[in-house]
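Values quoted throughout were computed directly from the atomic coordinates according to the rules given, and no laboratory measurement underlies them. What you are looking at is a predicted structure, and each value in this text was computed from that prediction instead of being measured. Positions of Cβ are backbone-derived with ideal geometry, glycine not excepted, and every protein chain shown enters the neighbour counts.
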Ligand code: BEZ
Ligand code: FE
């Protein structure tokens, strides 16, 4: 890294003013950081560094990984397969299902999925005091068939925090702070590499301009509009409460063995 830094100074003929500005940004990143906010991680995200580290460490097969983001919380409540995340919230219902598979296509029973997303207002409960703790955060274990299933609402696009130096960098380079809407997942199973990833709807307007560079072709899925709740799986806990129009999403996770 030191060699590259020295080469950067030579190649750009870095001036004293530019060097001072760089150091000032780092100082401000330290000033604005707290246990709840790490501006250095945000710098890494908006510079595409987090994603590049992900890419160079991703196995060739299996579902690609993507950025973790700052809103993951441990200790989310356990929800059974077929369970509901909507509760009393508003939003368009989405039924998300799929399987956790090995690279040979075998279902993995007992795989654990951590799931988190924004509410309809584009905020995670981790950052929004108006929402109950762990709203739209859940842990689910796949059944013998490797299947998972839950009901939720459509997540909303949102902006990364842009009131600090990482935001200054975004604005100075003519970029916006928006991320496409997504569902976050961490998928864990014995004998397999843990997968940290996100899944994006194919009709999101920010897919090709994610401020955090998290989008990968294989992580884009279709939200299919459904009109007949009777077609939904019988083990969906709130099947009888879902009204048309709703969406369904089918996404399989493929884990690479260790
Ligand atoms: C997120 O997906 O939660 C996120 C990722 C990178 C930066 C900010 C937020
Ligand atoms: Fe996110």
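Things to note:
- Cα-Cα separations in the stretch 83-206 greater than 26 Å, expressed as whole percent: 31
- In the chain, the longest principal axis of the Cα atoms and the axis of helix 2-12 are about 70 degrees apart.
- Computed over the stretch 33-255: relative contact order in percent, which uses C-alpha pairs under 8 Å that are six or more apart: 27
- Both radii come from the Cα set of the chain: Rg as radius of gyration, Rh as Kirkwood radius; their ratio Rg/Rh reads 1.02.
- Sorting the segments 54-64, 209-219 by their mean number of nearby beta carbons within 10 angstrom, highest to lowest, gives 209-219, 54-64.
- As a rough footprinting exposure proxy, the listed residues 116, 19 were ranked by other beta carbons within 10 Å of their own, and the order from fewest upward is 19, 116.
- Theoretical ellipticity at 222 nm over the chain - DSSP helices of four or more residues, -39500 (n - 2.57) apiece, nearest 500: -6000 deg cm²/dmol
- For the chain, built as a Gaussian network whose Cα springs stay under 10 Å, the top-fluctuating residue of 184, 72, 171: 171
- Full-extension gain in nm, residue 171 to residue 228, via 0.36 nm per residue minus C-alpha separation: 16.0 nm
- A P(r) calculated from all alpha carbon pairs of the stretch 25-155, with 10 Å bins opening at zero, reads 11, 31, 35, 20, 4, 0 percent.
- Fewest-first sequence of 257, 44, 65 by Cβ atoms within 10 Å of each Cβ: 257, 44, 65
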